[in-house]
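Chemist: Just dropping this structure here.
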Amino acid sequence: MVSTLNIIGAGKLGRTLGRLWARNGIFNVQDVMAARTNSAAAAVAFIGAGRVAEAMEQTRAADVWMLTPSDDRIVECCTALAACGRLRAGDVVFHCCGSKAASVLVAATRAGAMVASVHPVKSIADPAQAVQSFAGTWCGAEGDAVALAVLKPAFEALGARMFNIDPEGKTIYHAASVIVCNYLTALIETGARCYEKAGLEREIALQVMEPLVRETLDNVFRLGTAAALTGPIARGDHAVVARQLEALTRWQPDIADIYRKLGAVAVELAHVRGNVQGDALAELSRILSSKLPTMTQREK
């Protein structure tokens, strides 16, 4: 018999997982609730199963409850769920937040439910596209063994690749995803602004960057970070680094700070590579750690 699933929160991830599970007959999607009824209705239409519940009290009992509201509302939703009397002993309640442990679902635990957290490490901008590409997604899991015994096979049936997370380290774990996903986007935006300063139109700048970014990522995952490092720091060319840092400081000190901090990490990678002399690495470290005066400061 297929287990029933209720979805609290009708965002991109909730819609993606709901549709995949419904389409593959893994869960029987039953009730969908969101902060706004029209959002829940849109989710039901996208999933192709379930019905809209306008309030927690309108939901029916379910074997599994997926909480996918905004991260800061997970505890609130869990508390409301526990208070409405729908939870039964042995039900599974889980959230998909990468920065919070399953233990925040304490209200569900007190009601007799088994709790867990499963976080897909995937950037979901378009649920329709995410449905097509979900297979192969890595998913970090932690929580009650009984809950994970239900959830891991359900995710694996979608092609997910599961790994365990230490709940004590989840904030830093999630920060890693933010750095390599959200901050990579911000870093590319920063590069685009630098190209624009050099006279390139934004559309051309993005076209110039694309092959460089893609080749770099390919090299990182094929060779490793140290072996993939190229450019002036990888060559020990401290004169180039000094000129670039001074130019950035004169133009945009905030961007110079980004250059400086990431440059320090690049120096560490160059040290691992072992093909740059120690005195050159020391000079690079000195340049990157020095605080060059801005143009305004020099003019005073």
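Chemist: Which residue, of Leu212, Leu200, Leu229, is without any contact (Cβ under 8 Å) to a residue 60 or more places away in the chain, surrounded by 15 or more Cβ atoms within 10 Å (Cβ to Cβ) and closer than 21 Å to Leu269 by Cα?
Modeler: Details: Leu212 fails: surrounded by 15 or more Cβ atoms within 10 Å (Cβ to Cβ); Leu200 fails: closer than 21 Å to Leu269 by Cα.
Unique residue meeting the criteria: Leu229.
Chemist: Here's something else I'd like to know. Among the residues of segment 163-184, are any in a strand (DSSP E or B), out of contact with any helix residue (DSSP H, G or I) (no Cβ under 8 Å at 6 or more places or on another chain) and exposed (fewer than 14 other Cβ atoms within 10 Å of the Cβ)? Full working, then the answer.
Modeler: Going through segment 163-184, the residues in a strand (DSSP E or B) turn out to be 163-164.
Now restrict to residues that are out of contact with any helix residue (DSSP H, G or I) (no Cβ under 8 Å at 6 or more places or on another chain): 163-164.
Still in the list and also exposed (fewer than 14 other Cβ atoms within 10 Å of the Cβ): 163-164.
Yes, segment 163-184 contains a residue that is in a strand (DSSP E or B), out of contact with any helix residue (DSSP H, G or I) (no Cβ under 8 Å at 6 or more places or on another chain) and exposed (fewer than 14 other Cβ atoms within 10 Å of the Cβ).
Chemist: Taking segment 61-87 on its own, how many of its residues are β-branched (Val, Ile, Thr) and crowded, with 20+ Cβ neighbours inside 10 Å? Please lay out each step first, then the result.
Modeler: As a first pass, look at segment 61-87 and keep what is β-branched (Val, Ile, Thr): 64, 68, 74-75, 79.
Those still in the list that are crowded, with 20+ Cβ neighbours inside 10 Å too: 64, 68, 74.
Total satisfying the criteria: 3.
Chemist: Restricting to segment 235-247, and then to whatever is free of Cβ contacts under 8 Å to residues at least 40 places away in the same chain and aliphatic (A, V, I, L, M), can you tell me which residue is farthest from Thr190 (Cα to Cα)?
Modeler: It comes out as Ala239.
Chemist: Could I ask something else about it? Of everything in segment 86-120 that's in contact with a helix residue (DSSP H, G or I) (Cβ under 6 Å, 6 or more places away or on another chain) and of a type in the set (Val, Ile, Thr), which residue is farthest from Arg15 (Cα to Cα)?
Modeler: Val104
Here is a yes/no grid of residues against (1) aromatic (Phe, Trp, Tyr); (2) under 28 Å from Ala83 (Cβ atoms); (3) more than 14 Å from the chain's Cα centre (by Cα); (4) modelled with pLDDT of 95 or more:
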site: Ala111; (1), (2), (3), (4): no, yes, yes, yes
site: Met114; (1), (2), (3), (4): no, yes, yes, yes
site: Val121; (1), (2), (3), (4): no, no, no, no
site: Ile124; (1), (2), (3), (4): no, no, no, no
site: Ser133; (1), (2), (3), (4): no, no, yes, yes
site: Gly140; (1), (2), (3), (4): no, no, no, yes
site: Ala145; (1), (2), (3), (4): no, yes, yes, yes
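Chemist: Output the qualifying pairs, or none if there are none: Cβ atoms under 8 angstrom, residues six or more apart or on different chains, first residue in segment 1-19 and within 15 Å of Asp63 (Cα to Cα) and at pLDDT 95 or above, second residue in a strand (DSSP E or B) and polar (S, T, N, Q).
Modeler: That search, which allows pairs on different chains as well, returns Ser3/Asn28; Thr4/Asn28; Thr4/Gln30; Leu5/Asn28; Leu5/Gln30; Asn6/Gln30.
Chemist: Same structure again: Hey, Gly90 hits all of (1) exposed (fewer than 14 other Cβ atoms within 10 Å of the Cβ); (2) within 21 Å of Lys152 (Cβ to Cβ); (3) under 27 Å from the mean Cα position of the chain (by Cα) but one; which does it fall short on?
Modeler: Here Gly90 meets the rest and fails (3).
Chemist: Scan segment 163-178 for residues that are without any contact (Cβ under 8 Å) to a residue 60 or more places away in the chain and closer than 18 Å to Ile124 by Cβ and report the count.
Modeler: Qualifying residue count for the region: 2.
Chemist: Working carefully through the options Ala160, Ala145, Ala113, find the one that is more than 27 Å from Thr225 (Cα to Cα), surrounded by 14 or more Cβ atoms within 10 Å (Cβ to Cβ) and in contact with a strand residue (DSSP E or B) (Cβ under 9 Å, 6 or more places away or on another chain). Outline the logic, then answer.
Modeler: Working: Ala160 fails: more than 27 Å from Thr225 (Cα to Cα); Ala145 fails: surrounded by 14 or more Cβ atoms within 10 Å (Cβ to Cβ).
Matching residue, one of Ala160, Ala145, Ala113: Ala113.
Chemist: Picking from Arg193, Arg260, Arg243, Arg161, which residue would you name as being of a type in the set (D, E, K, R) and in the same structural domain as Leu17 (by TED's automatic domain parsing)? If you could, list the steps in order and put the result at the bottom.
Modeler: Values: Arg193 fails: in the same structural domain as Leu17 (by TED's automatic domain parsing); Arg260 fails: in the same structural domain as Leu17 (by TED's automatic domain parsing); Arg243 fails: in the same structural domain as Leu17 (by TED's automatic domain parsing).
Among Arg193, Arg260, Arg243, Arg161, only Arg161 is of a type in the set (D, E, K, R) and in the same structural domain as Leu17 (by TED's automatic domain parsing).
Chemist: May I pose another question? Would you check if Ala55 is surrounded by fewer than 20 Cβ atoms within 10 Å (Cβ to Cβ), of a type in the set (A, V, I, L, M) and in contact with a Gly (Cβ under 7 Å, 6 or more places away or on another chain)?
Modeler: Numbers: surrounded by fewer than 20 Cβ atoms within 10 Å (Cβ to Cβ): yes; of a type in the set (A, V, I, L, M): yes; in contact with a Gly (Cβ under 7 Å, 6 or more places away or on another chain): no.
It is false that Ala55 is surrounded by fewer than 20 Cβ atoms within 10 Å (Cβ to Cβ), of a type in the set (A, V, I, L, M) and in contact with a Gly (Cβ under 7 Å, 6 or more places away or on another chain).
Chemist: Just one of Glu189, Glu156 is of a type in the set (D, E, K, R), free of Cβ contacts under 8 Å to residues at least 24 places away in the same chain, out of contact with any Phe, Trp or Tyr (no Cβ under 9 Å at 6 or more places or on another chain) and under 28 Å from Lys261 (Cβ atoms); which is it? Break it down into steps so the answer makes sense when it comes.
Modeler: On the way: Glu156 fails: under 28 Å from Lys261 (Cβ atoms).
Exactly one residue qualifies, and that residue is Glu189.
The values are calculated or read from the model by the stated rules, or taken from the named source; none is laboratory data. Computed from a prediction, not measured in an experiment: that's the story for all the values here. When we count neighbours, we look across all protein chains shown, and the Cβ atoms used for this are built from the backbone with ideal geometry, even at glycine.
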